[in-house]
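Comments concern the structure below.
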Amino acid sequence: MKPAPFDYVAPASLDEAVSAMATGGGDAKVLAGGQSLVPMLALRLARPTVLVDINRLPGLDGIREASGMLEIGALVRQRALERWAATRSPLFAEVLRHVAHPPIRNRGTVVGNVVHADPASELPALLLCLEGVVVARGPRGERMIPADRFYRAPLTTALAADELATAVRFTLPGAGAGWGFAEVSRRHGDFALVGAVAVLTRGADGTVARARLAFFGAGGTPVRGLPVEQALPGQAPTPARLAEAARAAAATLAPDGDIHATAVYRRQVAATLAERTLTAALARCGGTT
């Protein structure tokens, strides 16, 4: 199929891009990598009146690490972050290795993936696990949207119709923190049936100082494993305690069933993956994140 008719705008500045979004009357779409948008246009699942191509905008293609934060501009390709992570962050490297396939990562953007808000996607869950924020720019100026308030429903976020995301910021795990990541999919690169990512920090006495867990493919949005985050701090991280917390977190999930997996299956797998990621995070405590 062919896309429905639309106006094409290639702004030369961020202010021009914001103006184009505003004049779109709520029906404008941003084009960066296009790996999600272009197929939706072809199938007429998306019918924007204006397509705002931001690929010529300066200053949106940087990866900046400072003060424990990692900021990724709206034009940074997933493959560029993957190359950065190869020598800087095993956690990011492992997560990105599971995002689609290399040709898609060569073109798809990190911010575009985060904003697309597919509930089975890895990067939104990582943003939620690492207490990230989305930097949005609109006619009213710039604002920061925390990840735990950003996702509202499948493919639906807190971005206003006249805003565009200029960057995402991840809070990097602190020194000595451990991490775990796991997902189940039909084939490598397919959308996850369910997955989990965890970060764990131990105190000087060996007990859990802090735990963070997020699921993907287990609901309409990425979901925090709050029972884990509430139950483990101050406790000795025994295998039994990790398993109990993982089961409690999975029990709160409300996944959908479809032709690929039932809701019961997804919940059971979520419990197993939560336990695996917490166990892996514990084993990596004191190492490099």
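Assorted remarks:
- Matching residues in segment 236-266 - criterion: being under 20 Å from the mean Cα position of the chain (by Cα) and farther than 13 Å from Ala211 by Cβ: Ala250, Leu253, Ala254, Pro255, Asp256, Arg266
Yes/no per residue for (1) touching a residue at least 60 places away in the same chain (Cβ under 8 Å); (2) among the small types (Gly, Ala, Ser); (3) not assigned by TED's automatic domain parsing to the domain that holds Ile72:
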residue	(1), (2), (3)
Glu122	yes, no, no
Leu126	yes, no, no
Leu164	yes, no, no
Phe191	yes, no, yes
Val199	yes, no, yes
Gly203	no, yes, yes
Phe215	yes, no, yes
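- Residue within segment 59-77 that is crowded, with 17+ Cβ neighbours inside 10 Å, out of contact with any strand residue (DSSP E or B) (no Cβ under 9 Å at 6 or more places or on another chain) and under 26 Å from Ala198 (Cβ atoms) present: no
- Within segment 138-155, the residues that satisfy the criterion of being touching a residue at least 24 places away in the same chain (Cβ under 8 Å) and in a loop (DSSP other than H, G, I, E, B) are Pro139, Pro154, Leu155.
- Checklist (1) assigned by TED's automatic domain parsing to the domain that holds Ala120; (2) more than 14 Å from the chain's Cα centre (by Cα); (3) closer than 17 Å to His116 by Cα; (4) not basic (Lys, Arg) applied to Thr87, failing item: (3)
- Search result, residues across segment 1-21 that are over 19 Å from Arg140 (Cβ atoms) and in a loop (DSSP other than H, G, I, E, B): Met1, Lys2, Pro3, Ala4, Pro5, Phe6, Ala10, Ala12
- Residue list for segment 73-122, restricted to those being touching a Gly at 6+ places or on another chain (Cβ under 7 Å) and among the basic types (Lys, Arg): Arg77, Arg107
- Of the residues in segment 183-199, not one is in a strand (DSSP E or B), surrounded by fewer than 20 Cβ atoms within 10 Å (Cβ to Cβ) and among the polar types (S, T, N, Q).
- Residue satisfying all of: in segment 120-154; of a type outside the set (A, V, I, L, M, F, W, C) and buried (at least 24 other Cβ atoms within 10 Å of the Cβ); farthest from Ala270 (Cα to Cα) among these: Gly132
The values are calculated or read from the model by the stated rules, or taken from the named source; none is laboratory data. This is a predicted model, so every value here is computed, not measured. Glycine gets a Cβ as well: all are built from the backbone with ideal geometry, and neighbour counts include every protein chain shown.
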